[in-house]
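Peer 1: So that we are looking at the same thing, I have put the structure below in structure tokens.
The values are calculated or read from the model by the stated rules, or taken from the named source; none is laboratory data. Worth saying up front: this structure is predicted, and the values here are computed from it rather than measured. So basically every Cβ, Gly included, is an ideal-geometry build from the backbone, and we count neighbours across all protein chains shown.
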Amino acid sequence: MTDSNINRRTLNDDTVLITAGWTLDNNNAHEMVDAIMLAQADGYKFIIIDMRDLEFLSSAGVGAILGTVETNREAGGDIVLCNLSEGVQHVLTVLDLVDYLTIVPNMDVAVSRCTAKT
Amino acid sequence: MSPMPAETDRVRDLAVPAVLSPAAVDAFDASLDRLVAGSPDEVVLSCNLDYITSSHIGLMWQASRACADAGIRLRLGSPSAGLLRVLHTLDLCQFFAIGADDPDDSAVAPRSASADRGDDTVVYEHVFHASAESVDCAIKRFVGFLEALGLPESLRFELRTVFYEVAYNIYLHSGLAPDADISVRGDAAPHGLRLTFSDAGVPFDPTRAHTVSTFIDVARDRQKRGLGLPMLGKLTDRMTYTRTDQGRNVLSLDKTWGDSSD
């Protein structure tokens, strides 16, 4: 029943879009880490993670993002999170991460944020 | 009270088990899945219970949600006076059609769960196995309990995360066999919840283990794993641990909140 599909789509030479499934937890966080690290290895400076379907984010999911974001930033890029649910946004707030992570409301803002930094 | 209809292809019966052993609950889950897959017009939930616990209510809520999601009418068959009192006390009557024959009765569909809880503590109890499937079912059932309490989404998300992190930590690290029991009790008061997990796994005191300074430091260290316990520390107000003389880990987690009724 778990839809843990993590999909990747190239947006431009610098930016790749990764779409999360409806959970990011112990069962599939390693897939997210693999997808992010593969995009980094392929030279993408910016990774947009679309969380529109994400209903649950465990500590493993948080770790997948936290443990990889500095690599993009050192390369002059970033990992940008968009379309967060109220619950996901709330947990990241409780963890004091909303100012550290780049969180934007939607895809359009995410793309323009990446373009502006290019 | 309407008599229970004879079971047909369009009207199917489902009984809430009186004794909630893991096997009985698993059988209920399987029966519910089969019924919903058959897309009957109506499911009659039989609730001939001499006593009612929050876990029984959780099963009823689970059936209500599954049927509502599938567009199936759900009706309580032969609810006892005690059950009706419990539903009334919890302000849950609106979520169940009770003995009605009007197919247009929309009471079957869960609406916004804004139960106006009184000052009484509501107790949630459940025993599940140390297997991934059983843990997932336990989380699903606990989420139903949280929805029945009428808590805001953000708070439900926090409490679901707390349950998930503890349950998965026990499942993954306790050394328990897949058929070993993990018990959980929730004491929900109007402005707080105490969750108590008990298991007979290897001794482990999580209150002595969460030593991460900040999550930003975690990012700078590129740490991808081991964030469950520090996350629990952030999401709860207090954690207490004891190892009983009977060889069980007992972990209690307290979460308090402001008035959620406004």
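Peer 1: Would you check which residues across the range B:119-147 are in contact with a Ser or Thr (Cβ under 9 Å, 6 or more places away or on another chain), hydrophobic (A, V, I, L, M, F, W, C) and more than 15 Å from B:S55 (Cα to Cα) and list them?
Peer 2: Taking the range B:119-147 first, the residues in contact with a Ser or Thr (Cβ under 9 Å, 6 or more places away or on another chain) are B:120, B:122-128, B:130, B:136, B:141, B:144-145.
Filter again for hydrophobic (A, V, I, L, M, F, W, C), leaving B:122-123, B:127-128, B:130, B:145.
Of everything in the range B:119-147, just one residue is in contact with a Ser or Thr (Cβ under 9 Å, 6 or more places away or on another chain), hydrophobic (A, V, I, L, M, F, W, C) and more than 15 Å from B:S55 (Cα to Cα), namely B:A130.
Peer 1: Only one residue in B:A209, B:A200 is away from every other protein chain (no Cβ under 12 Å) and within 28 Å of A:M32 (Cβ to Cβ), so which one is that?
Peer 2: Numbers: B:A200 fails: within 28 Å of A:M32 (Cβ to Cβ).
Checking each option against the conditions leaves just B:A209.
Peer 1: While we're here: Collect the residues in the range B:240-259 that are at pLDDT below 95 and touching a helix residue (DSSP H, G or I) at 6+ places or on another chain (Cβ under 9 Å), keeping them in residue-number order.
Peer 2: B:W257
Peer 1: Still on this model: Of the residues A:N26, A:N5, which is over 21 Å from A:K117 (Cβ atoms), part of a loop (DSSP other than H, G, I, E, B) and in contact with a helix residue (DSSP H, G or I) (Cβ under 7 Å, 6 or more places away or on another chain)? Show your work before the answer.
Peer 2: Numbers: A:N5 fails: in contact with a helix residue (DSSP H, G or I) (Cβ under 7 Å, 6 or more places away or on another chain).
Going through A:N26, A:N5 in turn, the sole match is A:N26.
Peer 1: Oh, and also: Only one of these is within 14 Å of another protein chain (Cβ to nearest Cβ), outside any helix (DSSP H, G or I) and surrounded by 14 or more Cβ atoms within 10 Å (Cβ to Cβ): B:R194, B:R225, B:R156. Name it. Break it down into steps so the answer makes sense when it comes.
Peer 2: Values: B:R194 fails: within 14 Å of another protein chain (Cβ to nearest Cβ); B:R156 fails: outside any helix (DSSP H, G or I).
The unique qualifying residue is B:R225.
Peer 1: Here's something else I'd like to know. Residues of the range B:167-191 being within 14 Å of chain A (Cβ to nearest Cβ) and surrounded by 17 or more Cβ atoms within 10 Å (Cβ to Cβ), which ones? It would help to see each step written out before you state the result.
Peer 2: Residues of the range B:167-191 that are within 14 Å of chain A (Cβ to nearest Cβ), as a first pass: B:167-173.
Listed by number, the residues that qualify are B:A167, B:Y168, B:N169, B:I170, B:Y171.
Peer 1: For the range B:151-190, enumerate the residues that are among the basic types (K, R) and at pLDDT below 95. I'd like the intermediate steps shown before the answer.
Peer 2: As a first pass, look at the range B:151-190 and keep what is among the basic types (K, R): B:156, B:160, B:185.
Passing the criteria: B:R156, B:R185.
Peer 1: Another question, then. Return the pairs, sorted by first residue and then second, in which the second residue is in a loop (DSSP other than H, G, I, E, B) and at pLDDT below 95, the first residue lies in the range B:199-219 and is aromatic (F, W, Y), the beta carbons are less than 7 Å apart, and the residues are 6+ apart or on different chains.
Peer 2: The qualifying pairs are B:F215/A:L95; B:F215/A:D96; B:F215/A:L97.
Peer 1: Where in the range A:31-118 are there helices (runs of 4 or more DSSP H), lying fully within it, with 2 or more residues that are within 10 Å of chain B (Cβ to nearest Cβ)? Spell out the reasoning first.
Peer 2: Numbers: elements: A:59-74, A:86-94, A:107-117.
Filter on the range A:31-118 gives A:59-74, A:86-94.
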